[in-house]
Amino acid sequence: MSSPTSTPTLDDQPAADPPAADQPVLYRGAARSEVARRLQAVLDLSDPYPVVNAARELAAGALERALADVVAGRLLHEPTGRRIPLQELPARTIAALTRTHHLDADQSDALGFALRCAFAWPGVVGTPDAPHALKSVLPAGFAPIATVEQIAASQATAGPDGLNTSYMISQMKGGMSADFGIGCPLMCAYCYRREGDTVDGYLGSWEPTGFLEPEDVVARLLSHPWFTPHHTPIGLHMSTSEAFLPKLWPRTWRALQLLDQLGLTNRVSCITKYTLSDEQIDCLESLVHVDLDINVCYAAMPESIEPPNRGRRLRFLRRILHSQKINVLAYYRPIAEGLNTTDAHLRHVWQTFKDADARTVVLGGLKFADDHVHSFMSYGLPLPAGSFTPGKKLLTADTEARIMAAFDEVYADVAPDWRPAILKRSSCGRAVERGSHIPDYNGHYDQPTTNCRLRCPAAQHEVCAAAQPPDEETVRDLLARIGRHDARVDITRSTTVVHAKLSPFERTFLRQNLLFPVHTARQAAELVAGRIPR
């Protein structure tokens, strides 16, 4: 795991074979891989514009002028100095330059290729000319801790929620979870990892155990064949602990620094019921590459069920929402029928979010199973109402309607355009909070009546509706990484159909890389059948 330490020039590199006279070197063709290596040889993570200038030397006409605009306008950075995530470049940069300079399809593709060369591609996956394919040559000094086959096999042993305790990097619904240990002292009664739980050999406890060092966690992440630099959403302790606990904060911060030093612009999420000091927030704001979002949980749950201090958490929410460099979601979760769903609870939560000036809110019910029943009963706590399905969050239509009615009441004096977005899915909330530059990366817009019915902004609806089907080469590169090399694929305007048996997490992997719905043949048939009027 290494980052560039010098800035060689193009003249230091061996010359590529001369391209055909009618094939410019930045365009698709056999020379692209060599050109990518030459351009990346001048990459300095602190200044990506020498790469763009080097690409200008290989361009002419409108394409050269477009690349010149990237340098002159510093279009790879936001005004705050943070890098624009690679996934957002098509919408934020390439589309605008294509229109301004009247680029044709080949020129626009060449522009995208040149800009991809201004990003680092550490790990076993991805190069500027093949972002989704396994590498044939690994970065200098990088040694995977196991073969891709061994790592993929360990992923197949993950539990029903995706947690892979044998490797501690897990493909979950929200993204790829990078974990240092398991256990949390906050003692929420509904926790998935409660005291006494045994998960694949780990004995859960209220104190985090089974620690890995941040360097080990990042090395495991880069070695995982399902991790794509700049594409895969990452969660720190997505389902094992709390990333901001005093015992875990030094590891969390070190891991974020390592990802940032590698030049990665992946979305990284931390879900928290804890708090950070101003000094710790300053640390997070100093990150340049990593696209960080903080999801602060608050649902007015009784403290007998959710002990973490409410007052401190709300002060933290108000403080971090003022950050200009961190994406912040108000997590209205978990909502448990009968426990925090009185009219007074609902109005209190919305008033709290209104006072804090929350911009994006994600609703979520409670997962509840037999072991949770025993936990609640052992603590003498009332059980939530409703009929629960293992692995599914329960939020009834009636409660959802009452939540939205309370929202309308609390925000009655706020113009509709100034009210927060309200989403059912975390991936939807993260796409909206970041500015609606990419579709929901879990492809939930394949079921709009279920997933898109609250307060999703029109801009996000338009982005999701305009999502483009992937090309077959990209799909093939991804299928090879999950051992489905020979699966038949049908790519349609609304979904990618894979004629193979896919686990929920393999399908999630495909969706998050394609930014497009993916279904098995059976799921696609059921989806079509459900849309036929009866």
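The values are calculated or read from the model by the stated rules, or taken from the named source; none is laboratory data. Being a predicted model, the structure only gives us computed values, none of them experimental. Here the Cβ positions follow ideal geometry from the backbone for every residue, glycine too, while neighbour counts run over all protein chains shown. We work out accessible area using only protein heavy atoms, side chains counted, and drop any ligands, DNA or RNA first. Shrake-Rupley method; radii C 1.70, N 1.55, O 1.52, S 1.80 Å.
Brief remarks follow.
- Within the stretch 80-95, residues that are over 21 Å from Ser46 (Cα atoms) have Cβ atoms under 6 Å from residues that are in a helix (DSSP H, G or I) and modelled with pLDDT of 95 or more in these pairs: Ile94/Leu111; Ile94/Gly112, counting only partners at least 6 apart in sequence or on another chain.
- The stretch 292-318 - residue that is modelled with pLDDT of 90 or more and among the β-branched types (Val, Ile, Thr) and, of those, farthest from Pro382 (Cα to Cα): Ile294
- Per the conditions (1) open to solvent by 40 Å² or more (accessible area, probe 1.4 Å); (2) without any contact (Cβ under 8 Å) to a residue 40 or more places away in the chain; (3) in contact with a Cys (Cβ under 8 Å, 6 or more places away or on another chain), the sole criterion not satisfied by Arg333 is (1).
- Scanning the stretch 502-529 for residues being open to solvent by 20 Å² or more (accessible area, probe 1.4 Å), assigned to a loop (DSSP other than H, G, I, E, B) and either closer than 19 Å to Asp471 by Cα or out of contact with any strand residue (DSSP E or B) (no Cβ under 6 Å at 6 or more places or on another chain) (or both) gives a total of 2.
- Scanning the stretch 86-111 for residues that are buried (at least 16 other Cβ atoms within 10 Å of the Cβ) and not in a helix (DSSP H, G or I) yields His101, Leu103.
- Only a single item in (1) touching a residue at least 60 places away in the same chain (Cβ under 8 Å); (2) more than 22 Å from the chain's Cα centre (by Cα) is not met by Ala130, and it is number (2).
- Scanning the stretch 388-407 turns up at least one residue that is open to solvent by less than 30 Å² (accessible area, probe 1.4 Å), among the acidic types (Asp, Glu) and within 30 Å of the chain's Cα centre (by Cα).
- Check on Thr265, in a helix (DSSP H, G or I), open to solvent by less than 30 Å² (accessible area, probe 1.4 Å) and of a type outside the set (A, V, I, L, M): no
- Meets criteria (small (Gly, Ala, Ser) and surrounded by 16 or more Cβ atoms within 10 Å (Cβ to Cβ)) for Ala369: no
- Any hit, the stretch 91-101, residues being more than 30 Å from Gln460 (Cβ to Cβ) and either touching a Leu at 6+ places or on another chain (Cβ under 7 Å) or among the acidic types (Asp, Glu) (or both): no
- Test: residue in the stretch 404-411 that is under 25 Å from Met238 (Cα atoms), small (Gly, Ala, Ser) and touching a helix residue (DSSP H, G or I) at 6+ places or on another chain (Cβ under 6 Å): no
- Long-range neighbours under 9 Å by Cβ, at least six apart or interchain, first residue in contact (Cβ under 8 Å) with a residue 12 or more places away in the chain within the stretch 172-187, second basic (Lys, Arg) and assigned to a strand (DSSP E or B): Gly175/Arg267
Yes or no, residue by residue, for (1) under 18 Å from Gly29 (Cβ atoms); (2) of a type outside the set (Asp, Glu):
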site	(1), (2)
Val71	no, yes
Ile84	no, yes
Ala95	no, yes
Asp104	yes, no
Arg116	yes, yes
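- The sole residue among Arg32, Arg83 that is within 28 Å of Gly141 (Cβ to Cβ), modelled with pLDDT under 95 and open to solvent by less than 20 Å² (accessible area, probe 1.4 Å) is Arg32.
Conditions tested, residue by residue: (1) open to solvent by 10 Å² or more (accessible area, probe 1.4 Å); (2) in a loop (DSSP other than H, G, I, E, B).
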position	(1), (2)
Cys270	no, no
Tyr274	yes, yes
Glu279	yes, no
Asp282	yes, no
Leu287	no, yes
Ile294	no, no
Ala300	no, yes
Glu303	yes, yes
Arg312	yes, no
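- All helices (runs of 4 or more DSSP H) inside the stretch 323-430 with 1 or more residues being closer than 20 Å to Asn451 by Cβ and at pLDDT below 90: 397-410
- Filter pass, Leu317 being in a helix (DSSP H, G or I), touching a strand residue (DSSP E or B) at 6+ places or on another chain (Cβ under 7 Å), open to solvent by less than 30 Å² (accessible area, probe 1.4 Å) and closer than 25 Å to Ile84 by Cα: yes
Residues checked against (1) in contact with a Gly (Cβ under 7 Å, 6 or more places away or on another chain); (2) buried (at least 16 other Cβ atoms within 10 Å of the Cβ); (3) within 23 Å of Ser286 (Cα to Cα):
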position: Ala60; (1), (2), (3): no, no, no
position: Leu63; (1), (2), (3): no, yes, no
position: Gly73; (1), (2), (3): no, no, yes
position: Leu76; (1), (2), (3): no, yes, yes
